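The next block holds one structure in the form of structure tokens; read it before the comments.
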Amino acid sequence: MRFLLMLCLLVSCSGYRFTQQDNPLSQYGIQSLSVPMFYNYSNLPEVSGEFTREVYTLLTGFGGLKLVNGYNQNTDAVMIGIIKTPEKIVETLRPGAQIVATNRVKEATKDRQRFYIPGTTNVSLYLQVVIIKKPSEEDLALLRSGLGEQIKMNSRIVVNELIPVNAVYTREIFDREAVTVTATQNFGIQRKTIKTMAENAAISVRDLILYAF
């Protein structure tokens, strides 16, 4: 009896899990979705590839939804992704907690001067996600424009959301001969942070589609 009860619970949970993986866009007649490269309207270079790849990969988990890499006018709908940041780079990459940098030249003197430098960097961007059925070139141009965020959902636009994505990374601080590679090292850390942000954005997109309907 106990075994049968456990079996029923497992079947029930398993069925719920499979239900979650069903194509939630099917109720809108969307069985196929093309995902072209996201547009980069940010002041961060080369971020489109990471975000497009991570979102596409997570969407493959929806059973019954045929995904097409790139734009294809024969699919039922198209996903448009637009990466945005504040206009100024200093607002996109904001200095965080400060640390003390000692003036090495005067290290042994009593009048040693202290300087403060950023110890962390806060990265802020937005991902606008639009899913539109059978868009025309005019539709795509309008949705990519400054008015795109304000367009309301209708029978053809089933998703139009702006998702904030934020992260913080700790900066590497070098001294003496290593100073010349500081920028290179921190750029590598920034790239890893962007990848993590893309992974988190993909989860947000998946959950938006999964739970918003």
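Points worth noting:
- Pairs, first among the acidic types (Asp, Glu) in segment 146-172, second part of a strand (DSSP E or B) and surrounded by fewer than 16 Cβ atoms within 10 Å (Cβ to Cβ), C-beta under 6 Å, six or more apart: 149/162
- Lone unmet requirement of (1) part of a loop (DSSP other than H, G, I, E, B); (2) within 18 Å of the chain's Cα centre (by Cα); (3) modelled with pLDDT of 95 or more for residue 86: (3)
- Looking only at residues of segment 18-65 that are farther than 30 Å from residue 146 by Cβ and of a type in the set (Phe, Trp, Tyr), we find that the one that is modelled with the highest pLDDT is 62.
- Residue in segment 175-187 that is among the polar types (S, T, N, Q), part of a helix (DSSP H, G or I), surrounded by 12 or more Cβ atoms within 10 Å (Cβ to Cβ) and at pLDDT 90 or above present: no
- Complete set of residues in segment 125-146 that are farther than 27 Å from residue 193 by Cα and touching a helix residue (DSSP H, G or I) at 6+ places or on another chain (Cβ under 8 Å): 132, 133, 135, 142
- Residues that are touching a Lys or Arg at 6+ places or on another chain (Cβ under 8 Å), at pLDDT 85 or above, open to solvent by 80 Å² or more (accessible area, probe 1.4 Å) and not in a loop (DSSP other than H, G, I, E, B) do not occur anywhere in segment 128-140.
- Just one of the listed residues (68, 47) is out of contact with any Ser or Thr (no Cβ under 8 Å at 6 or more places or on another chain) and either of a type outside the set (D, E, K, R) or within 20 Å of residue 193 (Cα to Cα) (or both), namely 47.
- Checking each residue in segment 141-162 for being open to solvent by 40 Å² or more (accessible area, probe 1.4 Å) and among the aliphatic types (A, V, I, L, M) picks out 141, 142, 147, 151, 153, 162.
- Count of segment 36-89 residues which are among the small types (Gly, Ala, Ser) and open to solvent by less than 30 Å² (accessible area, probe 1.4 Å): 6
The values are calculated or read from the model by the stated rules, or taken from the named source; none is laboratory data. Not measured: the values here are computed from a predicted model. Here Cβ is always computed from backbone atoms with ideal geometry, including for glycine, and neighbour counts include all displayed protein chains. For the accessible areas, the whole protein counts, side chains as well, though only heavy atoms, and no ligand, DNA or RNA atoms are used. Shrake-Rupley method; radii C 1.70, N 1.55, O 1.52, S 1.80 Å.
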